[in-house]
1. When you scan segment 202-223, do you find a residue that is touching a residue at least 60 places away in the same chain (Cβ under 8 Å), within 16 Å of ligand 2 (Cβ to nearest atom) and of a type in the set (Ser, Thr, Tyr), even just one?
2. Among the residues in segment 118-133, are any more than 11 Å from residue 70 (Cα to Cα), at pLDDT below 95, in a loop (DSSP other than H, G, I, E, B) and in contact with a Gly (Cβ under 9 Å, 6 or more places away or on another chain)?
3. Looking at segment 45-64, which of the residues that are near ligand 1 (Cβ under 9 Å from one of its atoms) and in a loop (DSSP other than H, G, I, E, B) is nearest to the chain's Cα centre (by Cα)?
4. Just to check your reading of the model, which residue among 3, 70, 38 is touching a strand residue (DSSP E or B) at 6+ places or on another chain (Cβ under 6 Å), more than 16 Å from ligand 1 (Cβ to nearest atom) and touching a residue at least 12 places away in the same chain (Cβ under 8 Å)?
5. Select from segment 76-115 the residues that are among the acidic types (Asp, Glu) and more than 16 Å from ligand 1 (Cβ to nearest atom) and list them in ascending order.
6. Taking segment 164-197, which residues are part of a loop (DSSP other than H, G, I, E, B), out of contact with any strand residue (DSSP E or B) (no Cβ under 8 Å at 6 or more places or on another chain), within 16 Å of ligand 2 (Cβ to nearest atom) and not hydroxyl-bearing (Ser, Thr, Tyr)?
7. Across segment 8-23, what is the number of residues that are surrounded by 24 or more Cβ atoms within 10 Å (Cβ to Cβ) and part of a loop (DSSP other than H, G, I, E, B)?
8. Need pairs with beta-carbon distance below 9 Å; first residue under 16 Å from residue 207 (Cβ atoms) and within segment 148-172, second of a type in the set (Lys, Arg); sequence gap 6+ or separate chains.
Amino acid sequence: MKITWYGHSAFLLEGKKKTLIDPFITGNPKAPVRLEVINCDIIAVTHGHGDHLGDAVSIAKRSRAPIVAIHEIARYAESQGVEGIGMNMGGAVDVKGIKFSMVQAWHSSGIDAANFGFSGGDPAGFVIEDERIVYHAGDTSLFSDVKLIGELYRPDVAMLPIGDVFTMNPEHAAKAAQWIKAGVVIPMHYNTFPPIEQDPNDFKSLVETICDCEVVICEPGKTIEV
Ligand code: NI
Ligand code: MN
């Protein structure tokens, strides 16, 4: 499976289908491509904040892709004229042959795009089963139930925020990596803006000292194969 990072928490997974996660392109200083060149079959949104919901609605319109998200965000998507596939914690849906399971994240989720007038429900993470099993943690603090996510879904790849301030810091994310036991760990949600500056190499050495997984530091716009 191919994975392309668009900076921040935005990834394109290319397996049997193209799944775009948290497509924050407009206003993302690390976005390596123009919005117009991004196409996908499915969009997954972890929560309502602008740096995650991002350009989901406009890409959904252009690509005719449904937005998979928690019930409240799916309803918001529908209010914007695109298909929303709503779900909630602990459940799974099959979308175009790809399985999306929704898992917990400890964070908040007001929809900035709706001028704070619309609750995005609870924030979430996703486990996406395409050619590989990918866990995208969304924005979250460290919580010990990530162990359970590792045990239940056995992800091959884990995408973890390391930026601190709004999410886990590198030390906490390393603990999460140790508990999840994915073979490949990809750091995200760092160096987009000054408050979340981190050196991903420090995270890499930390993780590789305490557990048996490989940390892959992506570069915006570059595609890796897992
Ligand atoms: Ni957030
Ligand atoms: Mn965020």
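1. no
2. Yes, segment 118-133 has at least one match.
3. Our first condition is that a residue be near ligand 1 (Cβ under 9 Å from one of its atoms); within segment 45-64, this holds for 46-52.
Remaining after also requiring in a loop (DSSP other than H, G, I, E, B): 46-49.
Details: 46: 6, 47: 9, 48: 12, 49: 12 Å.
That would be 46.
4. Answer to the selection: 3.
5. Looking only at segment 76-115, we keep the residues that are among the acidic types (Asp, Glu), and these are 78, 83, 94, 112.
Within segment 76-115, 78, 83, 94 qualify.
6. Keep residues of segment 164-197 that are part of a loop (DSSP other than H, G, I, E, B), which gives 164-169, 181-183, 189-193, 197.
Among the residues that remain, those that are also out of contact with any strand residue (DSSP E or B) (no Cβ under 8 Å at 6 or more places or on another chain) are: 164-166, 169, 181, 191-193, 197.
Next, only the ones that are within 16 Å of ligand 2 (Cβ to nearest atom) stay: 164-166, 169, 191-193, 197.
Across segment 164-197, the qualifying residues are 164, 165, 166, 169, 191, 193, 197.
7. Of the residues in segment 8-23, the ones surrounded by 24 or more Cβ atoms within 10 Å (Cβ to Cβ) are 8-11, 13, 19-23.
When the remaining residues are screened for being part of a loop (DSSP other than H, G, I, E, B), the result is 8-10, 22-23.
The total comes to 5.
8. Partner pairs satisfying both residue conditions: 150/181; 155/132; 155/181; 156/132; 157/132; 158/181; 168/175.
The values are calculated or read from the model by the stated rules, or taken from the named source; none is laboratory data. Worth saying up front: this structure is predicted, and the values here are computed from it rather than measured. Backbone-built Cβ (ideal geometry, glycine too); neighbour counts: all protein chains shown.
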